[in-house]
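Sharing a structure with you now.
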Amino acid sequence: MTIDVKGMLEALGIEGRRQGASLWACCPFAWHEDEKPSWSIRLDSNGANWCFGCSSGGDALDLVANKLDITRGGAWAWLLERGLVEEQSTVGGVDLQIVGGERGQFVLPPFDAHAMLTLWPAPPRRYLLSRRIGCNAVARWKMKLIVHGRLGGRILVPIFDEAGKPASYSARTFVGDDLRYMTPHRDEHPNLDAVFGSHFWPRVHADRISVVVCEGVLDAISCDLAGAKCVAAFNGSAPTASQLAAIATFKRAIVVSDCDVAGDKMHDAVRAIGRWCEVVRPTLPPGEDPNSMWVTSWSSRMKLRFAIGARERLSCGRQRGITLELARDAEAGKAQIVDAIESTRGNMTAAAHLLGIDHATIYRLVHRYDLTDVAPRARAALLAQKLGSSCITPRHCCNANIA
């Protein structure tokens, strides 16, 4: 398959200056107001292009899709309609007929329940709640319940492309099936290049700073709940070239994969784009993945937040700025401190991390606003919940620090 790159550029109205095998022009993407030529495209390849100003690019399909604001499937159809794809090729003296065309439209399978998790039957609802996935996450990710058919007894998590159109799915069993995940058959026409979570990414590539990359969709949802701004999942450990190209639009990729052979394989695949974005892999506890860390305990959830950069330690200057903000407005400062202490069940160190200040600063603010009884009350409530007693008072927990 060969794409007529020159004809494609003429059809898109892109003009530039020829330099060797490349054409240089101002960036054609709407999100980059380029005054000097900083975008280059190879004329002797499949349209590989890159903008050195906004760090956007890809192949010919990416160029058409970004220029016309359509999907890659729509870009392929656009090229075919204008006769810009040469369907005849010769390899080794043998004529090959390339059979091409627009991929059939993918449609999500019929489902039995969705929307409000509280209306789901008890078994799937309890399974999701045991994974600490609640009503908001079900609505955000449009998760479905399937009871009958090939996917019966599974929770379907749709995968959308960057334009928000259904592209594929991952169906997770909640009844203990040996095959934990199921994916679409080829005759369902899934878009295997779609990345889970990409429909929530910023449309402008310059705004894509950091993305958390996971193996499975539940791991990505757990990282989203933990505070990651952008998440991605390949639905396996073998991403396609188009999926890696999508990840390369970010400045930083945080790979949180399992500490096993499959996790190492995915990390090695993502490292291939290290030329275009920074690739880091935080160390997770042995035998843990993001979803199990999100479920296990509060301390594990804090470790996950730090691993994905959702709760990074701030510089001393930023800490002083936050301290001044908390001290400037007494009522707002007191409310934030109380919320942080109560949400961490009286753990002052964790509350300081949530606020972005150090351990000593939060104690100074607690004494300044006369909030010394908040932490003992929170610990007493937690201890009473664990012991099943309502007779626990704050004085029983003055020196306790229950994680």
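Identify all residues within segment 36-48 that are under 18 Å from SER242 (Cβ atoms) and either part of a strand (DSSP E or B) or in contact with a Ser or Thr (Cβ under 6 Å, 6 or more places away or on another chain) (or both); write none if there are none.
Listed by number, the residues that qualify are ILE41, ARG42.
Restricting to segment 18-53, give me the number of residues that are of a type outside the set (Phe, Trp, Tyr), surrounded by 15 or more Cβ atoms within 10 Å (Cβ to Cβ) and farther than 14 Å from LYS6 by Cα.
Looking only at that region, the number is 9.
Look through ILE322, ILE357 and report the one residue that is modelled with pLDDT under 75, part of a loop (DSSP other than H, G, I, E, B) and not assigned by TED's automatic domain parsing to the domain that holds ALA228.
The match here is ILE357.
Scan segment 54-71 residue by residue and report those that are more than 21 Å from ALA194 (Cβ to Cβ) and surrounded by fewer than 18 Cβ atoms within 10 Å (Cβ to Cβ).
Narrowing segment 54-71 to residues more than 21 Å from ALA194 (Cβ to Cβ): 54-55.
Passing the criteria: only SER55.
Go over the candidates GLY92, GLY57 one by one and state the one that is within 23 Å of the chain's Cα centre (by Cα) and at pLDDT below 80.
GLY57
Sticking with this one: Which one of these does SER38 not meet: (1) at pLDDT below 80; (2) over 30 Å from PRO158 (Cβ atoms)?
(1)
Residue by residue, here is whether (1) assigned to a loop (DSSP other than H, G, I, E, B); (2) closer than 23 Å to GLY227 by Cα holds:
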site	(1), (2)
LYS142	yes, yes
HIS148	yes, no
GLY152	yes, no
VAL157	no, yes
ALA167	no, no
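Filter segment 366-384 down to the residues that are closer than 15 Å to ALA352 by Cβ, assigned to a helix (DSSP H, G or I) and in contact (Cβ under 8 Å) with a residue 12 or more places away in the chain, then identify the one that is farthest from the chain's Cα centre (by Cα).
My answer is ARG368.
Further, regarding this structure: Only one of (1) more than 21 Å from TRP294 (Cα to Cα); (2) surrounded by fewer than 24 Cβ atoms within 10 Å (Cβ to Cβ); (3) within 15 Å of the chain's Cα centre (by Cα) fails for VAL195. Which number is that?
All conditions are met except number (2).
Within segment 184-226, take every residue that is part of a helix (DSSP H, G or I) and acidic (Asp, Glu) and give me the one that is nearest to GLN105 (Cα to Cα).
Taking the candidates together, the pick is GLU188.
Pick from segment 265-288 the residues that are touching a strand residue (DSSP E or B) at 6+ places or on another chain (Cβ under 8 Å) and touching a residue at least 40 places away in the same chain (Cβ under 8 Å): which of them is surrounded by the most Cβ atoms within 10 Å (Cβ to Cβ)? Lay out the reasoning, then the answer.
Just the residues of segment 265-288 that are touching a strand residue (DSSP E or B) at 6+ places or on another chain (Cβ under 8 Å), to begin with: 266-267, 270-271, 273, 277-282.
Remaining after also requiring touching a residue at least 40 places away in the same chain (Cβ under 8 Å): 266, 270.
Details: MET266: 22, VAL270: 24.
By that ranking, first place goes to VAL270.
Hey, can you tell me all the residues within segment 49-67 that are without any contact (Cβ under 8 Å) to a residue 12 or more places away in the chain and not in a strand (DSSP E or B)?
Within segment 49-67, ALA65 is the sole residue that qualifies.
Matching residues to (1) under 23 Å from ALA272 (Cβ atoms); (2) modelled with pLDDT of 90 or more:
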| position | (1), (2) |
| --- | --- |
| VAL147 | no, no |
| GLY153 | no, no |
| ARG180 | no, no |
| ARG186 | no, no |
| PHE200 | no, yes |
| VAL211 | yes, yes |
| ALA226 | no, no |
| PHE234 | yes, no |
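LEU80 versus (1) of a type in the set (A, V, I, L, M, F, W, C); (2) within 25 Å of GLN243 (Cβ to Cβ); (3) at pLDDT 80 or above; (4) surrounded by 17 or more Cβ atoms within 10 Å (Cβ to Cβ): which is the lone unmet condition?
With (1) of a type in the set (A, V, I, L, M, F, W, C); (2) within 25 Å of GLN243 (Cβ to Cβ); (3) at pLDDT 80 or above; (4) surrounded by 17 or more Cβ atoms within 10 Å (Cβ to Cβ) applied to LEU80, the lone miss is (4).
Next up: Identify, from the list ARG131, ARG150, ARG186, ARG172, the residue that is touching a Lys or Arg at 6+ places or on another chain (Cβ under 7 Å), more than 20 Å from VAL280 (Cα to Cα) and charged (D, E, K, R).
ARG172
Quick one: which residue in SER237, SER242 is among the polar types (S, T, N, Q) and either part of a loop (DSSP other than H, G, I, E, B) or assigned by TED's automatic domain parsing to the domain that holds ILE155 (or both)?
Result of the check over SER237, SER242: SER237.
Related question: Return only the number of the condition from (1) at pLDDT 75 or above; (2) under 24 Å from SER130 (Cβ atoms) that ALA310 does not satisfy.
(1)
Mind checking which residues of segment 256-291 are under 17 Å from the mean Cα position of the chain (by Cα) and farther than 27 Å from ALA246 by Cα?
Across segment 256-291, there are no qualifying residues.
The values are calculated or read from the model by the stated rules, or taken from the named source; none is laboratory data. From a predicted model like this one, the values you see are computed outputs, not experimental measurements. Cβ: placed from backbone, ideal geometry, glycine included. Neighbour counts: every protein chain shown.
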